[in-house]
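The next block holds one structure in the form of structure tokens; read it before the comments.
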Amino acid sequence: HKRDLERVAPIWHEKAIALKTDPEAENKLGWVIEMWGYAIASASIGLEHQLFADFQVEPGALSTKQQLDRFHERYWILHYTYQFEYYLDGTPCKPWTIGEYSLDKRHFSG
């Protein structure tokens with residue numbers, strides 16, 4: 001996989017910068033623009049990917065029991081996307097509400 005990364009990285013960088021500096025692309029793609037850069041770059045060199053069911057999970061405070069069932073056995077990666085917001089009594093907050101217990105990467109970005 002190292003050779004694949006060596007092949008795709010320069011093109012990925014080039015595509016991500018080109019997208020980021022294009023106002024229309026920046027407006028439409030927003031904060032996931034580097035992911036689009038990767039997708040375009042890897043497709044341009046014919047890089048194939050192996051797909052895994054349950055490879056990653058994106059849990060949050062409102063995750064269902066089914067999503068979290070056998071969490072440590074099913075998933076390889078915790079994709080830290082959604083916030084974990086709870087009230088002091090342990091009740092999950094509604095989306096985009098900051099609770100007394102809060103774990104959200106957005107609190108630390110500019």
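For region 14-25, the set of residues classified as within 13 Å of Met35 (Cβ to Cβ) and in contact (Cβ under 8 Å) with a residue 12 or more places away in the chain consists of Lys15, Ala16, Leu19, Lys20, listed by residue number. Summed over region 98-109, residues that are among the polar types (S, T, N, Q) and either over 27 Å from Met35 (Cα atoms) or not in a loop (DSSP other than H, G, I, E, B) (or both) total 1. Taken over region 79-91, the criterion of being touching a residue at least 12 places away in the same chain (Cβ under 8 Å) and either at positive phi or out of contact with any strand residue (DSSP E or B) (no Cβ under 6 Å at 6 or more places or on another chain) (or both) is satisfied by Tyr80, Thr81, Tyr82, Gln83, Tyr87, Leu88. Give the residue that is farthest from the chain's Cα centre (by Cα), with candidates limited to residues of region 1-19 that are of a type in the set (Lys, Arg) and exposed (fewer than 14 other Cβ atoms within 10 Å of the Cβ). Checking each candidate, the answer is Arg3. Only helices (runs of 4 or more DSSP H) whose full extent lies in region 1-86 are considered here, and the ones with at least 1 residues that are modelled with pLDDT of 90 or more and closer than 23 Å to Asp104 by Cβ are 23-29, 33-44.
Taking each residue of region 1-13 that is touching a residue at least 12 places away in the same chain (Cβ under 8 Å) and under 13 Å from Met35 (Cα atoms) and looking for partners that are in a helix (DSSP H, G or I) and of a type in the set (S, T, N, Q) with beta-carbon atoms closer than 8 Å, six or more apart or interchain, yields Val8/Ser42; Ile11/Ser44; Trp12/Ser42. Scanning region 42-58 for residues that are within 21 Å of Tyr82 (Cβ to Cβ) and without any contact (Cβ under 8 Å) to a residue 24 or more places away in the chain, we see that the one that is surrounded by the most Cβ atoms within 10 Å (Cβ to Cβ) is Val57. Selection of region 61-89 for residues being open to solvent by less than 90 Å² (accessible area, probe 1.4 Å) and closer than 30 Å to Lys15 by Cβ yields Tyr75, Ile77, His79, Tyr80, Thr81, Gln83. Pro95 passes every criterion in (1) at pLDDT 80 or above; (2) surrounded by fewer than 13 Cβ atoms within 10 Å (Cβ to Cβ); (3) in a loop (DSSP other than H, G, I, E, B) apart from (1).
The values are calculated or read from the model by the stated rules, or taken from the named source; none is laboratory data. Since this is a predicted model, take the numbers as computed values, not measurements. When we count neighbours, we look across all protein chains shown, and the Cβ atoms used for this are built from the backbone with ideal geometry, even at glycine. Note: areas computed on protein heavy atoms with side chains; ligands, DNA, RNA excluded. Shrake-Rupley method; radii C 1.70, N 1.55, O 1.52, S 1.80 Å.
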